[in-house]
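Asks: Got a structure here, written out as structure tokens. Questions coming.
Each value in this text was obtained by applying a stated rule to the coordinates, not by laboratory testing. Just so you know, these numbers come straight off a predicted model, no measurement behind them. As a convention, Cβ positions derive from the backbone with ideal geometry for all residues, glycine included, and neighbour counts pool all protein chains shown.
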Amino acid sequence: MPTVYHMVHYRRFDPESSGLQGGTLEGLCRSALGHVDTSGVTLWQRIQDRFHDLADVAERQVLLNKVVDLSDAVFGEMCLFQKQDFQALLEMQASKVQLSDITTAEIYNLAERAAPNNAKFIRGLCYWLVIGNHLFFIKTQSMTAQILNSYMDWLLKIRTSALHANATFALQAEFDRTQVTGDIGDITRLKVSGKSASPITVMAGDEQKPGKSVSTSRTVTDRAFYTETARKFAEIIFGRERTNALVDSLGPNEFLAVEAAVKVRGKRTVESREKLRQLAEDLADLTDDKVQIEGKDGKLSDEDAILRTRMPFNQPHSGSSILEFDNVADQLQVVYSRFVQDGKIEA
């Protein structure tokens, strides 16, 4: 059976921050899905009530499709789609077309098709597993961690009343404590690196000493921008005409790159230190590539600081964007067991 590797992301739910005493995210999910409507039917059996509108310009919706109680876990599959959506097609029937006064070319036609009746184009999938307060998930295409968080918030607080409507719901990324040994102190530098990544560096200035305010300059973002994003920056600096000429001159093995830095100047505060640590954790949502951190008392020099791992998953056929539901459930439980055994998380 063909397989494909995906990053398994980890999040931790803090029940105390939600005002939940003695409960778990796993219990909240069961409570929400066991919600009974006026006809006495639970949410498990009401798929139409599991649609969540993201209320964005693209009119995207999320559906919790397959969802199952595994006795010691809850496992689900989410689908992302748009209300009105078209798929671009390349029609492989050649024709000769006069494109200008001097050019006649053989081309394929571009077309768009709507999904068949009673069907939607899937723009992203998310498979998630909750054990206790531990959440593991993989995402494909346009699905994001923020969408998963938004759906869970809606499910627990609005679709049902598993959580109070005014409660705080947050899923927190974690550092891998087997890699980030000890306390590295206040984070001073972040770096994202990988073969497919645009390098991102985030730096902070000198440590503020107790009882003093120290003027510092810290780089919030230092990033290499490639291709289309780089082109926008180049147009600001050189103008569109010069930028177009530069792009046209590039060879087959060249690409446009622009380095940009955004800095915050002033006196460093406790809030800014905490924000930088939060930003380090937020990078888990921004990239699947390696995140490295440095602190005033130590650093992680070579491994990924974020708690996550890559795993193989079965596909129904080669090239499929869909994964085998049962296999994903098994693999995510394997990751949970490994993390517990390796001391990365507590059961």
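Asks: Calculate the spin-label point distance for Gln21 paired with Thr42, positioning each point 7 Å from the Cα along the beta-carbon direction, and give it in nanometres.
Replies: Between Thr42 and Gln21, the simple spin-label model gives 2.7 nm.
Asks: Considering only the other residues whose Cβ falls under 14 Å of the Cβ of Leu163, what net charge follows from Lys and Arg at +1 and Asp and Glu at -1?
Replies: -1
Asks: Below 10 angstrom from the Cβ of Arg60, what's the summed charge of the other residues (Lys, Arg +1; Asp, Glu -1)?
Replies: -2
Asks: Given a cut-off of 30 Å, name the pairs among Lys157/Lys232; Lys120/Lys157; Lys83/Lys139 whose C-alpha atoms lie farther apart than that in the structure shown.
Replies: In this structure, Lys157/Lys232 exceed 30 Å between Cα atoms.
Asks: Please give the peptides 241-251, 2-12, 86-96, 62-72 ranked by average Cβ packing (other Cβ atoms within 10 Å per residue), highest first, as a rough proxy for protection.
Replies: Result, highest mean Cβ count within 10 Å first: 2-12, 62-72, 241-251, 86-96.
Asks: Note down the nm distance, to one decimal, between modelled labels 7 Å out along Cα→Cβ at Asn166 and at Lys120.
Replies: Inter-label distance under the simple model: 3.3 nm.
Asks: Mind listing the long-range amide H neighbours of Glu174? Cut-off is under 5 Å, sequence gap 5 or more, other chains count too, H placed in the peptide plane at 1.01 Å from N.
Replies: Correct list: Leu307.
Asks: Please report the net charge: other residues with Cβ closer than 10 Å to the Cβ of Val74, K and R +1, D and E -1.
Replies: Once positives and negatives cancel, what remains is -2.
Asks: So, one more: In what sequence do Asp326, Asp176, Asp289 fall when counting other Cβ within 10 Å, fewest first?
Replies: Asp326, Asp289, Asp176
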